[in-house]
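Asks: Next up is a structure, given as structure tokens.
Derivation of every value follows stated rules applied to the coordinates shown; laboratory data play no part. Quick caveat, the model's predicted, so the values are computed rather than measured. Cβ: placed from backbone, ideal geometry, glycine included. Neighbour counts: every protein chain shown.
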Amino acid sequence: MAEDVVMVTDQGFDSEDWKAVSFTYVEYPKGDFVGYVLAWISLLPMMLLVSFATLIIFRRDLHTMAFAAGLFVNETVNWIVKHTLKEARPMRGRQNLHNEYGMPSSHSQFMWFFSTYFALFLLLRLYRNQSIIDDLWKYVCALLGFVAAILVSWSRVYLMYHTISQVAVGALIGSLLSAPWFCFVHFLLTPVFPILSSSPLGEFLMLRDSTLIPHVMWFEYTCSRSEARSRQRKMSSRKSHIASVQYDDLRLSGPLSGQGTGDGARTHNRGVLVWIQHPLCHNTPWLMQ
């Protein structure tokens, strides 16, 4: 162990030259269960980013891409405001831990942009049922989005990564940015989605426009189920056709000349044709694959 330390020192490395990747680095007070839970809750923005990347790669829906683009614009605004105000974070007795500015909170701004846009999409953009009971799930999901935003904001204050004012300003900016971005996507980008999806580039990238489909999950489920059943029927019909052709070839082939009624076998174009002499078989040919 001492040799390793000497070797590192000889190479000229200094502990102050090393910097940790803090994208998912969250600290909480040791032994504090609430802080432990809130530390995981504060990672919700990262989880949402991974979810967006997965949806974009595998579904390639244009509205999902527009939503993700809004989150990127929101983060760009947050970076600009942070480096303009240059307000420090709470120290917590470790001055070298937080090397970024704290006003406004990027976690808070991200979550409030997401939750506000999500609520607008559910309540204004998505299809409406005739009964409010059928639309109850929309209100529940929208409420859960705001609850998640509140928990993430509280976690940043509880874990002393931000002050209350930094979290509040982040929530305000995120909420205010989400509304105009929703209008921009709904009124300006959505009419262009069919053109983009039907363009040569859109067909090459397999882009989707699900704007006019009210129940996307149910639509994809029924389409995949009907396609699977159709292919299963085609496979069964094909197997029946092959068996019928083999049987017709077997009937038209007739007995072999020179074989008489004895036992024997010959090579058939679809298998081995075996002649069996038995009182109950009457020299019946059998096709063996």
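Asks: Report the label-to-label distance for L48 and S210 in nanometres (one decimal), using points 7 Å from each Cα along the Cα→Cβ vector.
Replies: 1.8
Asks: Quick query: amide H of R208 versus all other amide H atoms, modeled in the peptide plane; which residues come in under 5 Å with a sequence gap of 5 or more or a different chain?
Replies: Here the answer is D61, L62, since their amide H atoms fall under 5 Å of that of R208.
Asks: If the viscosity is 0.692 mPa s and the temperature 37 °C, what translational diffusion coefficient in µm²/s does Stokes-Einstein give for region 37-180 when Rh comes from Kirkwood over Cα pairs?
Replies: Values: Rh = 16.1 Å.
For the chosen part, D equals 204 µm²/s.
Asks: Would you mind putting 83-90, 150-157, 182-189 in packing order, based on average other-beta-carbon counts within 10 Å, highest first? Walk me through the numbers before you get to the answer.
Replies: Details: 83-90: 13.2, 150-157: 21.0, 182-189: 15.1.
Most protected by this proxy first, the peptides run 150-157, 182-189, 83-90.
Asks: Whole-Å semi-axes of region 106-235's equivalent ellipsoid, largest first, each the root of 5 times a Cα gyration tensor eigenvalue?
Replies: Values: eigenvalues 262, 75, 50 Å².
Computed over region 106-235, the values are 36, 19, 16 Å.
Asks: For region 102-179, compute Rh as the Kirkwood radius over C-alpha pairs and then the Stokes-Einstein diffusion coefficient at 37 °C and 0.692 mPa s; write the answer in µm²/s, rounded to an integer. Provide the component values of the computation, followed by the final result.
Replies: On the way: Rh = 13.0 Å.
Reported coefficient: 253 µm²/s.
Asks: In addition: Quick check: residue separation of T222 and C141 times 0.36 nm, minus the Cα distance between them. What number comes out in nm? Don't skip to the answer; put the middle values down first.
Replies: Values: separation 81, 0.36 × 81 = 29.16 nm, distance 2.40 nm.
Contour length minus Cα-Cα distance gives 26.8 nm.
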